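Below you'll find the structure, written out as structure tokens, and then a few comments.
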Amino acid sequence: MADNVTLTIDGARVTVPKGTLIVDAAKRLGNDIPVFCYHPKLQPVGMCRMCLVEVGRVQRDRASGQVIVDENGQPRVVMAPKLETACTTPVEEGMVVIGASGRVKEARDDILEFLLTSHPLDCPVCDKGGECPLQNLTIAHGPGQSRFIFEEKFRLAKQLPLGELIYLDRERCIQCARCIRFQNDIVDDRVLSFYERGRHLEIITCSEPGFDSKFSGNTTDICPVGALTTTDFRFEARPWEMNMAASICPHCPVGCNLTLNTRREARSGGQMVIKRVMPRQNEQVNEIWVCDKGRFGHHYASSSDRLTRPLVRRDGKLLEAAWEEALELAAGQLKAAGAGLAGLAGGRLSNEDLYNFRQVVTGLGGSAALNTRMGGAEQTQQVGVGLGTNFAEMGPGTAILVVASDLEEEAPIWWLRVKQAAERGATLIVANGRPTKTDRAARYVIRYAYGQEVATVLGMLVTGSSEAAEALARAENSVILFGREGLDFAGSTALAQACANLLIATNHYGRPNNGLVGVWPDANTQGAWDMGLPARGQAVLPVGATASWIVAADPVGDGEISAEALRAAGFVVVQELFLTPTAQAADVVLPAASWVEREGTFTNGERRVQRFYPAITMKGRPDFQIAAEIGARAGLSVSSHAAQIMLAIAENVPAYAGLTYQKLTEVVKQWPEVGGRDLYYGGASYTNRQGLGVQVPSAAERGADITAGKLAAPPPPARNGLTLVPVTVLYDRSTTFVRSQVMHPYVPRPYVELNTADAARLDIQDGDTVTVEAAGVRVTLTARVDGRAPEGVALMPADLGPAVPAVAGPATIQKG
């Protein structure tokens, strides 16, 4: 209790941790002190003065420091002569705070009157109307009539694009600096700032391109007025017109919690449409943030390119057919294939989809596999992070190793949370073949030659090998995040084993805030492993395949197999959202429902199972339902209801034992409070009332015997000339992102990145057209010469169009 203090706020006693700010202590009581500039996720600055309160402190003798008592033996409290800001004043033992006095009310009225002197009277057309803190506080505290002359209002730009995604209305801005502080302190992208002074003060972007950040949309959530709006939502709907559906982001392994705001529209034929995507609070996953890919990358679900009717090949052409005909044909052919049936599923499917798919494929005698170039399933299942792991709790005493991963591009919210853990005192170690943004927050940076990832991690097993290795070994808690940069399936599997061996050797597994995390390429790669789908490595189809059933994967479009080779392997059934290159090679194409149209669960990289819900009218059918219908026609009994499938998963997958949809919807009170009646405190992010998910235990936590795997460090690769390394970029041309038109300005054209020295040797200038040859692949694209690539290395993003070799290897690059 020595670390707690007790004080009185408006007559109510409250005990809070020492160092708590008055505004937060009041919030614990349900006393909402109004704020504009303060936000519980940001450092306080006391700029707006809206939170002024009367403060009384216990009087102490100056000589002895003893508390002075009154005639009743109670500590004497002396009120300060001036009002103080509740957002910057820490609580003290015996403190008395008054926030409902006449002095306080008059001060708040004055602040609002000043703020409104040049604020536009456009509430009826402002996007923030209905969820605007300024509007709400003006009604509660503001004057009923202005004393300022309308003609003297200050005029500024009304529709100023800060970037391609965010617009600024300078007249509405109240200079609270929330957006600037979020970009500086939370994201470490210093792309916004103040310009000029006094009434001329305004927000500007100081980056090229404008507002160059992967988290820009969050500023619209925490803006307390309608100054910042998003390109795809401004003037589109009012908050009270929209419905809400809880969802999970499908774009990366973080599993950010979302709320989908929907509305029925005449221009969409009376259909429900998604108007915007908002963060939903989950302090153990994404807190109250979401990256711009998660916020703006949903538009593919409403694309006019969506498949809505089954297709069957007749006379060499894919023609529309009835569901019954297509399902009968698919079931008959897949059943006839028997042991020759090869199933291939993508990591964007839900657990229910993957479970049913595997049940049907194996039930027909075939083999099901996950379409992925990254391994490490067994290792994350054995020594994955322990139950209760939370990056927000990591600080002094915790070591975090990030290896072979560019976190900001592969899992942006993990980048934020790892960076913040480092700022709280955690020891961050980054090992990569090139610089990444994660280096900024690292205490130790290990630079290896591509091909030496496994050797680098195994080297940390040697006592005294480096300060970084010693820091990880000595730490009370250690977490390792491993990626796939420059690695194929075999290489990433070996890296995962090396990381697992390091954790086992240092006894950092089987408990909270310790263990292994895979930075997977898809939202539900972990779930696919858990559902029992292995990977075939580099092979798309096994030897002897006579029919293939491909779901949510595009091996032809990814350059893993040619359309001719796929068709030569027999009958092809494809379930997809779009007519991808793989679907174009199929004999039967079955239109699937997107994640916003059905229910299901994803398992994120921290092995937290989370539920998502339907938001709009369904196009196609859920993949788990299609699998069940094919199974039924082939003589198998498989459930077609998501909740029942989860019960089957809980019964047959040990780690998921006891899971039900009801458990996944359980919630607990979270701090800070957001999305409540006082939107001025936490912003417009949504309170989580639909479920925080359930983390499943690792094999170590279930009592399995854990031993280090045998692994030898590979010899250094012998390379002369350039090494081409495939890398990941967040904004790519993947099936479920490229159709979000609003993001096209941020999706780069295919390019290869060269070091300045290598470019000079090859007589290549920035922007030149070059030809790259590697691993039998020859592509023509644009050169970027900016010095970020290490000398001797060429970086080539995957998923931008041209096929990219799966693993780092020798390449030749020439101009033209």
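No lab work stands behind these numbers, since they all come straight from the coordinates. Every value quoted in this text rests on a predicted model; they were computed, and no experiment measured them. Using ideal geometry, Cβ is built from the backbone for each residue, glycine included, and neighbour counts are taken over all protein chains shown.
Can you find, among G809, M796, F737, the residue farthest towards the positive end of the dipole of segment 722-815? Put +1 on the C-beta of Lys and Arg, -1 on that of Asp and Glu.
F737
If r is the Cβ-Cβ distance from M618 to V777 and R0 is 35 Å, what FRET efficiency results, to the nearest 0.05?
It comes to 0.35.
Taking Cα centroids, how far is segment 603-625 from segment 508-528 in Å?
Measuring centre to centre over Cα atoms gives 20 Å.
In segment 479-520, which residues have a backbone nitrogen under 16 Å from the label point lying 7 Å from E470's Cα in the Cα-to-Cβ direction?
Backbone N within reach: none found.
Please sort by residue number the chymotrypsin sites (Phe, Trp or Tyr not before Pro) in segment 274-380 whose DSSP state is loop and whose Cβ has at most 12 other Cβ atoms within 10 Å.
none
Run lengths n ≥ 4 of DSSP H only: what is the helix-derived mean residue ellipticity at 222 nm for the chain, with -39500 (n - 2.57) per run over all residues, to the nearest 500?
-6000 deg cm²/dmol
List the residues of segment 510-535 whose backbone N lies under 12 Å from a point placed 7 Å from the Cα of I706 along the Cα-to-Cβ direction.
From segment 510-535, the list is 510-517.
Pick out, from A421, V479, L407, the residue whose Cα sits farthest towards the positive end of the charge dipole of segment 377-519, with +1 on the Cβ of Lys and Arg and -1 on the Cβ of Asp and Glu.
Toward the positive end, the furthest listed residue is A421.
Counting DSSP beta bridges in the chain, what percent are antiparallel, to the nearest 5?
Percent antiparallel among DSSP bridges in the chain is about 55.
How large is the dipole of the chain about the Cα centre if only Lys and Arg carry +1 and Asp and Glu carry -1, each at its Cβ, rounded to the nearest 20 debye?
It works out to roughly 600 debye.
Using 0.36 nm per residue of separation minus the Cα-Cα distance, give me the extension gain between S64 and A455 in nm, one decimal.
Value of the extension gain: 134.5 nm.
So for the chain, taking the charge dipole from beta-carbon charges (+1 Lys/Arg, -1 Asp/Glu), which of G365, A700, S640 sits furthest toward the positive end?
Among G365, A700, S640, the one farthest towards the positive end of the dipole of the chain is S640.
I need to check one value: relative contact order of the chain, counting alpha carbon pairs closer than 8 Å and at least 6 residues apart, in percent.
The normalised contact order for the chain reaches 13 percent.
Just to confirm a number: summing +1 for Lys and Arg and -1 for Asp and Glu over residues other than P622 whose beta-carbon lies under 15 angstrom from that of P622, what do you get?
-1
As a quick test, which of the pairs K27/K105; K293/K710; K293/K335 have an alpha carbon distance above 28 angstrom in this structure?
K293/K710; K293/K335
Loop-only check: which trypsin sites (Lys or Arg not before Pro) in segment 64-110 are DSSP coil with at most 13 other Cβ within 10 angstrom?
Sites meeting the loop and neighbour criteria: K82.
Roughly how big is segment 309-353's charge dipole about its Cα centre, with Cβ charges of +1 (Lys, Arg) and -1 (Asp, Glu), in debye to the nearest 20?
Magnitude of the dipole: close to 220 debye.
With labels modelled as points extended 7 Å from the Cα through the Cβ direction, what inter-label distance (nm, one decimal) is found for V668 paired with E320?
So the label points at V668 and E320 sit 5.2 nm apart.
Would you mind getting me the FRET efficiency between A505 and A650? Use the beta-carbon distance for r and R0 = 25 Å, nearest 0.05.
Taking R0 as 25 Å, the efficiency between A505 and A650 is 0.15.
With Cα Rg over 2.2 N^0.38 Å as the read-out, I listed [x] 1.19; [y] 1.02; [z] 1.08; which label goes with the value calculated from this structure?
Looking at Cα Rg over 2.2 N^0.38 Å for this model, the match is [y].
Pull out the extension gain between D439 and R788, defined as 0.36 nm times the separation in residues minus the alpha carbon to alpha carbon distance; nm, one decimal.
Gain on extension, D439 to R788, equals 124.4 nm.
Rank by packing, highest mean first: peptides 752-760, 279-287, with packing defined as the count of other Cβ atoms within 10 Å averaged across residues.
279-287, 752-760
Charges only on Cβ, +1 for Lys and Arg, -1 for Asp and Glu: so what's the dipole of segment 4-109 about the Cα centre, in debye to the nearest 20?
In total the dipole reaches around 240 debye.
Report the gain in length on full extension from T15 to S193: 0.36 nm times residue separation, minus Cα-Cα distance, nm rounded to one decimal.
60.3 nm
Averaging sequence separations of C-alpha pairs under 8 Å and six or more residues apart, then dividing by the length of segment 118-230, give the relative contact order as a whole percent.
Result for segment 118-230 is 31 percent.
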